[in-house]
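The values are calculated or read from the model by the stated rules, or taken from the named source; none is laboratory data. Predicted model only: the values in this text are computed from it and were never measured. Reconstructed Cβ throughout: ideal geometry from the backbone, glycine too, with neighbour counts over all protein chains shown. The protein model used for the area step is the full one, side chains on, heavy atoms only, and it has no ligands, DNA or RNA in it. Shrake-Rupley method; radii C 1.70, N 1.55, O 1.52, S 1.80 Å.
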Amino acid sequence: TLGLARKTAARACYINPPNDVDAVPIYIRCKECGLYLGSDEEDYADILDILCFVCFKKITDQSEVD
């Protein structure tokens, strides 16, 4: 985490070592539809089995919950 950014997985990209290091976030894709997960979905990725909320609802046959 640099500054006030959200803590997330990232890889270091060395542009001009050792002074210029850029943290590039690693985004996670949904296993079912291939869209990228949001921050809440990333937080619960282990519970949702790396699925977005929409695909998780479809697979578990859940009705619309508010």
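Here segment 33-52 is the region considered, the condition is being assigned to a helix (DSSP H, G or I) and among the small types (Gly, Ala, Ser), and the residue that is nearest to the chain's Cα centre (by Cα) is Ser39.
Condition check ((1) among the hydrophobic types (A, V, I, L, M, F, W, C); (2) at pLDDT 80 or above) across all residues:
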| position | (1), (2) |
| --- | --- |
| Arg6 | no, no |
| Arg11 | no, yes |
| Ile26 | yes, yes |
| Glu41 | no, yes |
| Leu48 | yes, yes |
| Phe56 | yes, yes |
| Ile59 | yes, yes |
| Gln62 | no, yes |
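Scanning segment 2-32 for residues being open to solvent by less than 50 Å² (accessible area, probe 1.4 Å) and more than 14 Å from the chain's Cα centre (by Cα) gives a total of 1. Going by the structure shown, is Gly34 among the small types (Gly, Ala, Ser) and farther than 22 Å from Ala5 by Cα? So Gly34 passes the test. Scanning segment 50-64 for residues that are more than 10 Å from Cys30 (Cβ to Cβ) and exposed (fewer than 14 other Cβ atoms within 10 Å of the Cβ) gives Lys58, Ile59, Thr60, Asp61, Gln62, Ser63, Glu64.
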